[in-house]
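Here's the structure we're looking at; comments come further down.
The values are calculated or read from the model by the stated rules, or taken from the named source; none is laboratory data. Treat the numbers as computed from the prediction; the structure is a model and nothing was measured. Neighbour counts run over all protein chains shown; Cβ positions are idealised from the backbone, glycine included.
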Amino acid sequence: MHEIITLQLGQLSNYAATHFWNTQESYFTYSDQDESLVNHNVHWRPGVALDGTETFLPRTVIYDLKGGFGSLRKINALYDASQDSAPTQLWDGSPHVHNQPQIDQSAYQRSLDQGTPAPTLTTSDVRYWSDFSRVFYHPKSLNQLYDYELNSSIMPFDKWSLGRELFDTLDKEHDIVDRDFRPFVEEADQMQGLQIVTTIDDAWGGFATEYVEKLRDEYGKAAIWVWGLQSPMPAARIDQKRLQMSNTARTVKDLSENASMLVPMALPQTGLSPNICIDRQSPWHTTAVLATAIETAGLATRLHAVTGVGLKTTLADLASGLNLRGKQTISRLQMSIRGLPSDSAVDLPTFETTHEGGGTDDTILDTNFFDMLRVNPAASRGRNRTGHVPHFFGHSTTTRGLPLPVDNADSPMPRPRAALVETSTQRFHTAKRFPILDSFPRILVEESGRTPFEDLAVKTSLSTDTSVSTAMRAMRTTVAWTIDLEDREDISNELADLEEAYREGWSSGSDDGDD
């Protein structure tokens with residue numbers, strides 16, 4: 001069934017993944033006449049609840065720190081065994097129970113449980129990612145790590161080394177990949193790959209690198225696709241900024257070695273799509289933008305093929321179409337959105353734009369998420385520091401919700417890596433628009449007098465291009481001196497190799513490598 005198993009690491013990642021799962025849940029259809037374009041078996045696992053009813057729950061493994069789950073309980077309405085009394089023969093003494101203060105459900109969650117109309121969510125209503133979640137999770141999916149507490153100022157979970165040490169400690173005690181992840185792999189019929197959502201500029205980056213290395217050892221041939229999120233608000237203090245850059249460099253270096261594809265995602269400091277207005281202090285807001293891009297860029301891996309047999313593509317095919325030289329395991333992600341009230345009779349907006357400097361509609365979109373060092377204003381428009389459009393090696397575009405010209409329909413399978421081509425292009429299209437749910441923040445600017453957006457047309461672009469070489473060089477020269485001398489040479493050499501992988505065969509002889 002070409003299943004994808006998801007791994008979610010940390011608070012920000014769980015915010016983004018919650019938007020993702022809410023969107024997946026909205027694709028379910030409940031009429032024989034209304035067949036879904038999405039193959040639900042890719043991301044959802046069938047099961048049976050305690051009362052015997054059939055369930056569909058996410059194929060995901062979730063980790064967060066103590067207090068990070070909010071009001072979400074490991075045992076929910078579908079799997080509540082209600083075993084209140086323990087066997088008396090196991091203990092003769094009087095029990096002493098220490099309960100943590102229980103976090104109250106949000107009004108939104110209560111409305112879902114009661115089946116009443118949901119209230120309009122605001123930033124003050126969303127305290128945790130569970131406050132706007134629309135789905136149930138299997139108890140096996142939820143893993144709270146008690147070694148660190150969410151948002152602790154006494155013992156913050158902010159250094160790459162802390163994440164690595166935490167994983168190693170837990171793995172020695174429990175073999176957590178075998179305990180937490182393997183059960184989901186074993187129940188899959190034909191797993192197409194693993195999808196990982198993690199932050200890369202804090203301690204979760206260290207946790208992720210160890211986890212991915214273990215997954216690669218266990219499942220050597222599996223496609224491992226990583227969405228590497230960065231803090232929406234760059235650190236203000238110099239020491240914190242240096243720490244974030246050091247964390248990012250270490251994580252990128254290690255993940256690029258073991259992941260099939262790493263997609264770094266930083267919310268642009270300027271240059272968001274003109275119709276997006278967000279509160280950057282709200283992870284609910286910021287991850288809504290990131291999740292829209294994630295959900296659209298990977299949509300083809302869960303869409304039924306036009307023939308009705310199989311999927312439009314798989315994670316492995318998507319990665320191989322981008323990684324033409326075997327070492328191009330980092331992709332740049334861009335996105336444009338166009339909104340239209342569903343009941344409006346105006347003409348459909350398009351993504352057609354004119355760009356200076358040689359850019360086309362496929363190569364330059366409104367929002368560019370690739371800015372690992374958070375210092376490049378030009379990243380907002382997909383250009384390098386010289387203002388030139390980068391050269392593309394592998395390129396994949398997904399367009400949803402708008403008609404396409406006949407010659408721009410879904411492309412065939414990616415060309416073989418050995419083919420002598422300058423650029424390998426994959427194009428995917430679907431009429432399925434991105435749904436705006438009641439759990440999604442109202443971050444879209446609407447024209448006066450129009451009804452709120454109910455769905456969106458979205459276009460995404462994934463590319464391996466020469467801007468990655470520029471970023472690797474900048475990271476190597478900017479960050480290397482902030483790293484311990486013991487690791488500096490190794491990390492610097494690995495970043496230099498990545499820089500070269502995106503320059504080979506496409507260099508004008510300039511020092512910049514930005515042609």
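Filter the range 447-491 down to the residues that are β-branched (Val, Ile, Thr) and not in a helix (DSSP H, G or I), then identify the one that is modelled with the lowest pLDDT. The qualifying residue modelled with the lowest pLDDT is THR451. When we screen ASP455, ASP487 for residues that are farther than 30 Å from GLN244 by Cβ, surrounded by fewer than 19 Cβ atoms within 10 Å (Cβ to Cβ) and either among the small types (Gly, Ala, Ser) or touching a residue at least 24 places away in the same chain (Cβ under 8 Å) (or both), the only hit is ASP455. Looking across LEU485, LEU462, LEU444, one residue alone is touching a helix residue (DSSP H, G or I) at 6+ places or on another chain (Cβ under 8 Å) and not β-branched (Val, Ile, Thr). It is LEU462. Among the residues of the range 192-230, which ones are surrounded by fewer than 20 Cβ atoms within 10 Å (Cβ to Cβ) and either over 15 Å from ASP171 (Cβ atoms) or basic (Lys, Arg) (or both)? Matches in the range 192-230: LYS214, ARG216, TYR219, GLY220, LYS221, ALA222. Please verify whether the range 166-186 includes one or more residues that are at pLDDT 95 or above, crowded, with 22+ Cβ neighbours inside 10 Å and in a loop (DSSP other than H, G, I, E, B). No, the range 166-186 contains no residue that is at pLDDT 95 or above, crowded, with 22+ Cβ neighbours inside 10 Å and in a loop (DSSP other than H, G, I, E, B).
Restricting attention to the range 194-227, the residues that are modelled with pLDDT of 95 or more, over 22 Å from MET475 (Cα atoms) and out of contact with any strand residue (DSSP E or B) (no Cβ under 8 Å at 6 or more places or on another chain) add up to 4. For the range 19-47, how many residues are of a type outside the set (Asp, Glu) and modelled with pLDDT under 85? So the answer is 3. Take the conditions (1) closer than 24 Å to HIS19 by Cβ; (2) in contact with a Leu (Cβ under 9 Å, 6 or more places away or on another chain); LYS327 misses just one of them, which is (1). Figure legend. Inter-residue proximity from the range 285-298: first residues in a helix (DSSP H, G or I), second residues crowded, with 24+ Cβ neighbours inside 10 Å and among the small types (Gly, Ala, Ser), beta-carbon distance below 6 Å, spacing 6+ or different chains. Indicated pairs: THR287/ALA16; LEU290/ALA16; ALA291/ALA16. Please find, within the range 155-165, the residue that is nearest to LEU142 (Cα to Cα) out of those that are surrounded by 16 or more Cβ atoms within 10 Å (Cβ to Cβ) and free of Cβ contacts under 8 Å to residues at least 60 places away in the same chain. Here the residue is GLY163.
Among the residues of the range 80-88, is any part of a loop (DSSP other than H, G, I, E, B) and at pLDDT 85 or above? Checked against the condition, which is being part of a loop (DSSP other than H, G, I, E, B) and at pLDDT 85 or above, the range 80-88 yields no hits at all.
Meeting the requirement of 2 or more residues that are of a type in the set (A, V, I, L, M), the strands (runs of 3 or more DSSP E) wholly within the range 32-71 are 60-66.
When the residues of the range 110-141 are filtered to those that are free of Cβ contacts under 8 Å to residues at least 24 places away in the same chain and not in a loop (DSSP other than H, G, I, E, B), the one that is surrounded by the most Cβ atoms within 10 Å (Cβ to Cβ) is LEU112.
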